[in-house]
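The block underneath contains the structure these notes are about, expressed in structure tokens.
The values are calculated or read from the model by the stated rules, or taken from the named source; none is laboratory data. What you see is a predicted model, and the numbers here were worked out from it, not measured in a lab. In this analysis, Cβ positions are derived from the backbone assuming ideal geometry, glycine residues included, and neighbour counts consider all displayed protein chains.
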Amino acid sequence: MSTLSEFFIADHRSAVAHAKALDARTAPPAQLPRLEVPDLTDLDVEILAELAAKTVHATGTECELGLVDIELDTLFVVPEAVSAVFAELKDLEDQEEVAVLAADWARTEEMATTAEVTEPLVRALSELASGADEDAMINLYFWAE
């Protein structure tokens with residue numbers, strides 16, 4: 001059985017409410033921009049963040065996701081610098097670099113999948129992250145059961 005996970009953008013209060021609803025398997029109180037990504041873990045996201053930071057030459061970027069609330073161990077905030085890195089991917093002059101990034105991520109031991117699976121996910125995540133990058137009041141979050 002696959003596990004549920006998703007990225008979404010929201011302010012802190014909306015993110016907590018959204019995560020609590022997801023944890024309870026009820027409808028979230030608000031429709032947020034989101035990207036469902038079954039079977040991802042926070043470690044998978046951190047590995048992608050490290051690879052993406054190398055791709056956009058953002059050396060020194062701290063890629064560890066932050067726990068939002070001690071009582072919500074399913075909700076993580078993506079650091080602003082990582083969100084900006086993800087957003088930058090869609091604007092790379094050579095989009096082949098995104099395909100290479102997706103292929104590299106697919107080949108990691110943790111992912112063990114193909115670029116055909118990861119490339120659309122990376123591109124969709126870049127689009128979603130650019131929404132958070134444009135508004136200082138919202139962040140990119142990752143939720144995984």
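Could you tell me which of the residues 53, 112 is touching a Cys at 6+ places or on another chain (Cβ under 8 Å) and either surrounded by fewer than 17 Cβ atoms within 10 Å (Cβ to Cβ) or not β-branched (Val, Ile, Thr) (or both)?
On the way: 112 fails: touching a Cys at 6+ places or on another chain (Cβ under 8 Å).
Among 53, 112, only 53 is touching a Cys at 6+ places or on another chain (Cβ under 8 Å) and either surrounded by fewer than 17 Cβ atoms within 10 Å (Cβ to Cβ) or not β-branched (Val, Ile, Thr) (or both).
Give the stretch 115-134 a look and list any residue that's free of Cβ contacts under 8 Å to residues at least 60 places away in the same chain and surrounded by fewer than 18 Cβ atoms within 10 Å (Cβ to Cβ), or say none.
Within the stretch 115-134, 115, 116, 117, 120, 123, 127, 134 meet the criteria.
Do we find that residue 83 is within 21 Å of residue 10 (Cα to Cα), in contact with a Lys or Arg (Cβ under 6 Å, 6 or more places away or on another chain), assigned to a helix (DSSP H, G or I) and modelled with pLDDT of 95 or more in this structure? Before you say what the answer is, go through the steps one by one.
Details: within 21 Å of residue 10 (Cα to Cα): yes; in contact with a Lys or Arg (Cβ under 6 Å, 6 or more places away or on another chain): no; assigned to a helix (DSSP H, G or I): yes; modelled with pLDDT of 95 or more: yes.
The answer is no for residue 83.
Confirm whether residue 37 is closer than 25 Å to residue 92 by Cα, surrounded by 17 or more Cβ atoms within 10 Å (Cβ to Cβ) and at pLDDT below 95.
Details: closer than 25 Å to residue 92 by Cα: yes; surrounded by 17 or more Cβ atoms within 10 Å (Cβ to Cβ): yes; at pLDDT below 95: yes.
Taking the combined requirement at face value, the residue satisfies it.
So residue 77 fits all but one of (1) at pLDDT 95 or above; (2) out of contact with any His (no Cβ under 9 Å at 6 or more places or on another chain); (3) of a type in the set (Val, Ile, Thr); what number is the exception?
The number of the failed condition is (2).
Of all residues being part of a helix (DSSP H, G or I) and within 14 Å of the chain's Cα centre (by Cα) in the stretch 16-44, which is farthest from residue 108 (Cα to Cα)? Just the residue, please. Give the derivation first.
The first filter runs over the stretch 16-44 and keeps only residues part of a helix (DSSP H, G or I), leaving 16-23, 42-44.
Checking which are within 14 Å of the chain's Cα centre (by Cα) leaves us with 42-44.
Working: 42: 14, 43: 11, 44: 9 Å.
Out of the qualifying residues, it is 42.
Given (1) of a type in the set (A, V, I, L, M); (2) part of a helix (DSSP H, G or I); (3) within 11 Å of the chain's Cα centre (by Cα), where does residue 140 come up short, assuming only one miss?
Condition not satisfied by residue 140: (2).
Which members of the stretch 86-119 meet the condition of being part of a helix (DSSP H, G or I) and closer than 19 Å to residue 143 by Cα?
Scanning the stretch 86-119 gives 86, 87, 118.
Can you tell me which condition residue 88 does not meet? The list is (1) surrounded by fewer than 19 Cβ atoms within 10 Å (Cβ to Cβ); (2) at pLDDT 95 or above; (3) of a type in the set (D, E, K, R), and all the others hold.
(1)
So which residues in the stretch 1-21 are more than 18 Å from residue 78 (Cα to Cα) and touching an Asp or Glu at 6+ places or on another chain (Cβ under 8 Å)?
Within the stretch 1-21, 2, 3 meet the criteria.
Of all residues in the stretch 59-69, which are modelled with pLDDT of 95 or more and either over 30 Å from residue 20 (Cβ atoms) or not hydrophobic (A, V, I, L, M, F, W, C) (or both)?
Selection gives 61, 62, 64, 66.
Within the stretch 37-49, is even one residue free of Cβ contacts under 8 Å to residues at least 60 places away in the same chain and hydrophobic (A, V, I, L, M, F, W, C)?
Taking the stretch 37-49 first, the residues free of Cβ contacts under 8 Å to residues at least 60 places away in the same chain are 38-39, 46, 49.
Still in the list and also hydrophobic (A, V, I, L, M, F, W, C): 49.
For the stretch 37-49, residues free of Cβ contacts under 8 Å to residues at least 60 places away in the same chain and hydrophobic (A, V, I, L, M, F, W, C): present.
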